[in-house]
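The block underneath contains the structure these notes are about, expressed in structure tokens.
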Amino acid sequence: MVEEENKETEDMIEKDQLVAVLDELKPAEAAATSSSSINEQRILDCKKKRGQMVWPIFYKVEPSDVFDQKNRYAEAMAKHEERFKSEMERVKGWRSALKEVANLSRWTFKTGYEYKFIMEIIEEASTKLHRERLYIVGTLQMHDLIQHMGREVVWEKAPLELGKRSRLWYHEDALRVLIENSGTDKIEGIMLDLPQREEIQWSGTAFEKMNNLRILIVRNASFSTSPKHLPNNLRLLDWEEYPSEFLPQGFYTRKVVMLKLCANRLKLAKPFQKFEKLTHIDFSSSQLITQIPDMSGVPNITELIFSNYNNHLVSLPESIKRLDGLDELLVKNCKKLREISGIPPNLQIINAENCPSLTSHSVNVIWLQAKEVEYLTVRMPRTPIPNWFDHHCKGGILCFRARGKLPQVAFALVLSKSGNVKSSHGTAVRIECHNDGRKISDRQYTSNNNEDCVFLMKLDNDFGKFRNNLDWNFVEIKCRSLSSNYKISECGVYVYKQDINMEDIQFEDSKNDAELELDELMEKNDEAKSKKTLKQLVNISLVLLCIFVAWLVMVLRRGL
């Protein structure tokens, strides 16, 4: 299993044009594990052999700690030297790889918003690689082998007495504690993720002694009876197919931060209790839920997921619009969903794809959100772009002239199936913005839905960077589907009127079908040429590097 994962990672590294190495301080030993160091060595080999760009990304870790291998890195490498006494050359290679990676030009994240940090990396990568794809090797989550290392440390503290371990990560250990009722207040985290689905015969009382349990993750298991008790110290409750219509009596949810109960049997007949710390709810694929109760009891919620309620969920409660902190609402594939009575003012992400039963009022509620928030991304069933949009055009190219600063705008596009396509796995949509022929942004959005749909997003961040206060700017927004099964049938733009005189905005006539097809063919041709040019530049760089190395070797041999 591990060898297959390592091989898969190596294959990804060899194929990528850009590789980003991610080191995370959870734990710090992560970046010094043998698997991580092997990958970093592989990346550096590809950098030398194939001219790949390498951007180390240090996530909550000091690059100097990696370079000098001090603090917790010193401890980790000392453990590896002890563990690999007979293979010290390998350890030296790992030390060298870490040192070389830390010495490269890099990105460092310590505090702040992760999504902004990631977007900065992607934007710069897009510029440097032109239109090449960006892959990030390694993720912000720990690799399986890194997790394995942390689990070994916990195991060493109590190798024989499961109830005295702080965390139970191995499914055999977790299963034994639940069946034998051998849990204690030493246990703080349990993850039961069975390799094959099976029914667990238990009493339902296993959690009664685990007063300090804070993390509970259960997947791929069914239980003979529902739990009769859940600890009140739980912060994360992630239980796939939770086996009861109700949470246990006496379970107070005031400390829960994440409640993920996918495919559960809950009926949610009563209003939510006081979930004062709850920020994330995921009740996706829960077929018994027909209506979401009043949500006034979760004032700090930021993300709601009620996706894949194929035949039951018909409405969202009006109380949702009073959740001022909510910024993401996912209700995709809720085919019977009709009513969305209101939306909170700060909601930024709405995914209502494949919700064909939405009433016109509900659709209008979603459209009007475009006027309210600073950042917005919406996916919803196909519907006409509203008349209050300032300009519509056929196809996927929209042009206008703006005098002085570029305006803040909301942009919408209608994605339609091409011809008689009956089924598809969805597509990706690419949106480029140009100012006077210069590309100022390049975004990509995905749709896993196989139905016609609408995308709506704000482009003010793209335009805000480029301002010319004297002359007219020619702005071109170009969007296209990356699948031949879909096409952009219509697009439109709404201009925010604050600090903008509409006399300084002039919209261009839309192009006819023949012109649109010609533009698309030319764009694909340009893209192919760009890729070819980039590969040629890489090859030339490699040749020049080889020449330089050969010259350097010759000079050294002569002793000059």
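Structural remarks
- Residues Leu247, Leu237 ordered from highest to lowest accessible area at a 1.4 Å probe: Leu247, Leu237.
- Every pair of different Cα atoms in region 314-385 enters the Kirkwood calculation, which places the hydrodynamic radius at 12.0 Å.
- Links that overshoot a 18 Å alpha carbon limit, given the list Lys321/Lys458; Lys79/Lys164; Lys99/Lys535; Lys458/Lys478; Lys274/Lys336: Lys321/Lys458; Lys79/Lys164; Lys99/Lys535; Lys274/Lys336
- Translational diffusion of region 207-257 was estimated from the Stokes-Einstein equation, with Rh taken as the Kirkwood radius over Cα pairs; at 10 °C and 1.306 mPa s the coefficient is 139 µm²/s.
- Where the Cα pairs of region 259-414 fall when distances are cut into 10 Å bins, in %: 10, 38, 32, 13, 6, 1
- Solvent-accessible area, 1.4 Å probe, carbon plus sulfur percent, for region 233-325: 47 percent
- Per residue, the accessible area of region 199-278 comes to 50 Å² when a 1.4 Å probe rolls over the protein heavy atoms.
The values are calculated or read from the model by the stated rules, or taken from the named source; none is laboratory data. Please read all numbers here as calculations on a predicted model, not as lab measurements. We work out accessible area using only protein heavy atoms, side chains counted, and drop any ligands, DNA or RNA first. Shrake-Rupley method; radii C 1.70, N 1.55, O 1.52, S 1.80 Å.
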